[in-house]
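Working notes, structure below.
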Protein chains: 2
Amino acid sequence: MKVAIIGIGLIGGSIAKDLRSSGFAKSIIGVEANPIHGEVALEKGLVNELMSLDNAIESSDILILSTPVEVSKLLLPQILDSIGNKLVIDVCSTKKSITSLVEKHINRGQYVAAHPMSGTEYSGPMAAVDGLFINKTNIICEKEKSKDDVLKLALSLFDTLQMKTSFMESDEHDVHAANVSHLSHISSFALALSVLEIEKENPEDIKIMAAGGFRSTVRLAKSDARTWEDILLDNSVNVLTALNVYEKKLKKFKEALITQDKNKLNLLIQESNKIGPIVDAIAKSAEEK
Amino acid sequence: MKVAIIGIGLIGGSIAKDLRSSGFAKSIIGVEANPIHGEVALEKGLVNELMSLDNAIESSDILILSTPVEVSKLLLPQILDSIGNKLVIDVCSTKKSITSLVEKHINRGQYVAAHPMSGTEYSGPMAAVDGLFINKTNIICEKEKSKDDVLKLALSLFDTLQMKTSFMESDEHDVHAANVSHLSHISSFALALSVLEIEKENPEDIKIMAAGGFRSTVRLAKSDARTWEDILLDNSVNVLTALNVYEKKLKKFKEALITQDKNKLNLLIQESNKIGPIVDAIAKSAEEK
């Protein structure tokens, strides 16, 4: 099987690694707009060769679109125009706008809308790692719009990556993604900005004072701006709804601090502790082989 | 050396483990208000025996006060009243109010105000672990108010825990702690509360959608309510200042999303990325042996 990966970054590059090492892909074609990333992808052996998009469509059996959301929205209709009976999968972190865009496309059946939920705070082909997706969740949206054999091939690809696939509607996916993933990113970006601003006279003191807790909470603030501007804007309605709830919760902490209400503060923290068993269950399931 | 630990939780219990395994303490006396925690501490071998506070002061060479801030503020003056020429160290996460409280105490010189900056999101003696403090930062405040030999003994204790000690004034400590550590906790508590509220109809969907990023950002929301209500209230002025900056940063994200300002969003994320090298330097230093 020849697989073309359009956008060889953290996700595209890590998919390339696993598809090749597993034998699923005999050869990987890379399509990459950034010449430096293309070179790294070749040097790291993530791809066998680089091609133009047109040649990649021509030469491959499966296309994986792993570019920022706005680029994917631009390329997907073009790819579908000349897809023939091949499979194209997008792996964007938002699903409603991209699926709506090609809803009526004559070749919609050749397309599978996926969101393999794994990543790190790093980006680019240099960040690609083996086994990034093992035991992680993959969401496939609007599966009934993909042809049966096309969906089956996509599932076998995600099985090869050792992912657990769940099915959802696109709008449902985007609401949950805003609440769980996108809100976390904004809370982390804002935390980084706050600490950098407050401690701007003494950045060295951040190093002295920051223990593991701070590192963990602010980790996502290292995420790639190009990728995340697209995700947040594309899902802005749902993200803004989540952000409003977040602001209200922060206000409750402020009120408890201003009024020195020990009991209220205790109850707020105890209530937030309920995330513990949920998070522990996720961690356990991610470790399961 | 006989060391009495008042409050055998995550911090007190972990200190007990390392002081004993290193041979620094020949024996550890536990003082514990919670009878279940006392029993666990004995069973886990964290302490050799349990005693009342008065007997512990009588029987030990060094006292370590590792109770919640408000309890420590209650006990420290009592301990200093009958400390003789022994050493007492408090390990509270806030330092201004407790040091002010005993500023004029006749035995102030026997006291060292410390903040060993390490921990996990778990609490109680069952959470005590070996080597919790290795290569972590310890802050000692107002060192000139501790007698030289008393300070020296405290430093040898923190050296035994393999900590890197820095010196600061108490108010300076509390400002930095609010910005870096306490704000992280509130951002994480509020994130947990938001996700729990928004997803209350479908808590199972949190498990499906939450990847490593969410787990990392929300980890501190598991922190103990009893411990954190005291820390946040005791440091509320500095925490509120930090929280106001945090709210302003969140507002910038909201504005960029509402106006669909791609460029502004990109700049905000790029600016927040600057925390990356700082956090990486901390991680590297924490790993160094």
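The values are calculated or read from the model by the stated rules, or taken from the named source; none is laboratory data. Being a predicted model, the structure only gives us computed values, none of them experimental. Positions of Cβ are backbone-derived with ideal geometry, glycine not excepted, and every protein chain shown enters the neighbour counts. Accessible surface is based on the protein model in full, side chains and every heavy atom, while ligands, DNA and RNA are left aside. Shrake-Rupley method; radii C 1.70, N 1.55, O 1.52, S 1.80 Å.
Over 30 Å between Cα atoms: which of A:17/B:284; A:207/B:222; A:248/B:17; A:143/B:252; A:274/B:164 fall into that group?
Cα-Cα > 30 Å for A:248/B:17; A:143/B:252; A:274/B:164; rest within.
Solvent-accessible area of residue A:74, probe 1.4 Å, all protein chains present, reported in Å² to the nearest ten, please.
120 Å²
If we hang a label 7 Å off Cα along the beta carbon direction at residue B:261, how far is it from the matching labels on the other copies, in nm, shortest first?
3.4
Hey, what do the phi angles of segment A:22-28 turn into as Karplus ³J(HN,Hα) couplings, whole Hz, using 6.51/-1.76/1.60 and θ = phi - 60°, x for Gly and Pro?
Going residue by residue, I get 7, x, 4, 9, 6, 8, 10 Hz, with x marking Gly and Pro.
With every protein chain left in place, what is the accessible area of residue B:255 in Å² (1.4 Å probe, nearest 10)?
Spelled out: residue B:255, probe radius 1.4 Å, area about 90 Å².
Using a Förster radius of 51 Å, what is the FRET efficiency between residue B:263 and residue B:74 based on their Cβ-Cβ separation? Nearest 0.05, please.
That gives a FRET efficiency of 0.40.
Which whole number gives the average, over all residues in B:165-173, of C-beta atoms from other chains lying within 10 Å of the residue C-beta?
Per residue, the average neighbour count from other chains is 1.
From other protein chains only, count the Cβ atoms within 10 Å of every residue's Cβ in A:251-259, then give the mean.
Mean shielding count: 4.
Given the DSSP H assignment, sum -39500 (n - 2.57) over each helix run of at least 4 residues in the protein assembly as shown and divide by its residue total; what's the result at 222 nm in deg cm²/dmol, nearest 500?
Helix contribution divided over all residues of the protein assembly as shown: -16500 deg cm²/dmol.
So which GluC sites (Glu not before Pro) in segment A:51-147 are both in a DSSP loop and have at most 12 other Cβ atoms within 10 Å of their Cβ?
Those that pass, being in a loop and sparsely packed, are A:103.
Looking at segment A:49-113, which trypsin sites (Lys or Arg not before Pro) are in a loop (DSSP not H, G, I, E or B) and have at most 16 other Cβ atoms within 10 Å?
Passing both the DSSP loop test and the Cβ count: A:104.
Can you list, shortest first and in nm, the gaps between the label point of residue B:82 and those of its counterparts in the other copies, using a point 7 Å from Cα in the C-beta direction?
Output for residue B:82: 8.9 nm, nearest copy listed first.
With every protein chain in place, what's the accessible area of residue B:165 (1.4 Å probe, Å², nearest 10)?
Here the accessible area works out near 40 Å².
Label-point separation (nm) for residue B:241 and residue B:284, each offset 7 Å from Cα along Cα-to-Cβ?
Reported label-point gap for residue B:241 and residue B:284 is 3.1 nm.
Going down the list A:249/B:262; A:73/A:96; A:95/A:251; A:96/A:249, which pairs span over 22 Å between their C-alpha atoms?
A:249/B:262; A:95/A:251; A:96/A:249
When we measure straight from the Cα of residue B:147, which lysines land under 16 angstrom away, once same-chain ones fewer than 8 places off are left out?
Hits, sequence-local ones excluded: B:86, B:104.
Starting from the Cα-Cα distance between residue A:126 and residue A:101, subtract it from 0.36 nm times their residue separation and give me the gain in nm to one decimal.
Residue separation times 0.36 nm, minus the Cα-Cα distance, leaves 5.9 nm.
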